[in-house]
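The next block holds one structure in the form of structure tokens; read it before the comments.
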Amino acid sequence: MDAGDAFASRILPGGPVSREAEAIENHHRRRSQITAEAYAEGVLSGDRALLGRAITLVESGAAAHQRLAEEVLERLLPHTGKAIRVGITGAPGVGKSTFIEALGGRLLGAGHRVAVLAVDPSSVLTGGSILGDKTRMEALGRDPRCFIRPSPSGGTLGGVARKTRETLLVCEAAGYDVVLVETVGVGQSEVAVRSMVDFFLLLLLPGAGDELQGIKKGIIEIADALVVNKADGENRARAEVARQEVARALHYLAPARPDWRPPVQTCSALTGEGVGEVWDVVKAFRLRAIASGVLEDERRRQSLGWLRRMVEDHLLARFHGHPAVQAILPVIEAEVARGAMAPTAALAALVRAFEGGDKEEAG
Ligand code: GDP
């Protein structure tokens, strides 16, 4: 078969592509037959297959899926909120997945059910992924009491973060009482994850002095605890020096929370030494935050923040998706760029197009 035949067989009915398309369509038809109620019941009863499918639904960008996803989330919402939500960040190679494996193992041993989610900014930029591609956390992944979900890919960081936040809620409804959200970052993804968790943990490498340089100061400021990992073998002494340096540096930063001074610890994710102590800090924080009402306040604030961001995203998408706006936007932008039109006049014209179109739509 030459190239032309190969091409024809791909586009002609019965060719591989149409069979594939048919399979995809069937798959969607099967999926769309599941009602919101069935999804919700499946998740609440701990059906892992339905949990996975519910999350795929939540992650889907298709409008029809989104409506169903909203309905599923609405049903699940009364069953959410009970987990400890912990964000974990640090440079690539610091030992995040090793740490999560060690911590997760302990938590399962203590009777918890653990969900591990990820927000991977590289999946947004390149469609690839730093966190997801390698086989990570194998032992945890095999344990039925643990649920691991890689970062949703594509779209904007805001979109990925929103899906992860919704996935977090689905996991809570499914009975996971510890949710770990891992991220690796360049700044933005940490802020996004910080706004969906109760406690934010920063892992650092031993390496005196230069330690703080690789990490953006803003990330140190939003951490609720800092842990120098790899404090084992020859690195043990260096890790302790790094810990002291970080603690000194922190001293000069205004604490993010008035009632909490982020502790700086060392641990070895590899041997497990110090990992339990890190979790003790998370537990102590949580107890205090519940007693003082800080936890509830913060979650309320986080929910409002998410709502506001979603309103902005939604309106912006409608604006840019509007045919009348699309028709005139390039021209108007060109006019503004060459100084022939004032930005205020341009705005007025765009709003007129948007709102005029809206009325037509409504009429
Ligand atoms: P991530 O990219 O932050 O998820 O880092 P990984 O968990 O994949 O770890 C990167 C490398 O560091 C791997 O070779 C790990 O075995 C190693 N590593 C992780 N934690 C420790 C630790 O506590 N001590 C030592 N010595 N090595 C570690």
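Between Ala38 and Ala317, the C-beta separation translates, for a Förster distance of 35 Å, into a calculated FRET efficiency of about 0.75.
When only alpha carbons are used to place a centre, segment 318-337 and segment 241-265 end up 48 Å from one another. Residues of segment 83-110 falling in the label zone of Lys283, defined by backbone nitrogen less than 11 Å from a point 7 Å along Cα to beta-carbon, are 107, 110. Packing order of peptides 100-107, 44-51, highest average first: 100-107, 44-51 (average count of other Cβ atoms within 10 Å over each peptide's residues).
Take every Cα pair under 8 Å whose residues are at least 6 apart in sequence, average their separation, divide by the length of segment 192-301, and the relative contact order is 26 percent.
Read the figures in this text as sums done on the coordinates, not as results from a lab. Remember, it's a predicted structure, so these values are computed and weren't measured experimentally. For neighbour counting, all protein chains shown are included, and Cβ atoms are generated from backbone atoms with ideal geometry for every residue, glycine included.
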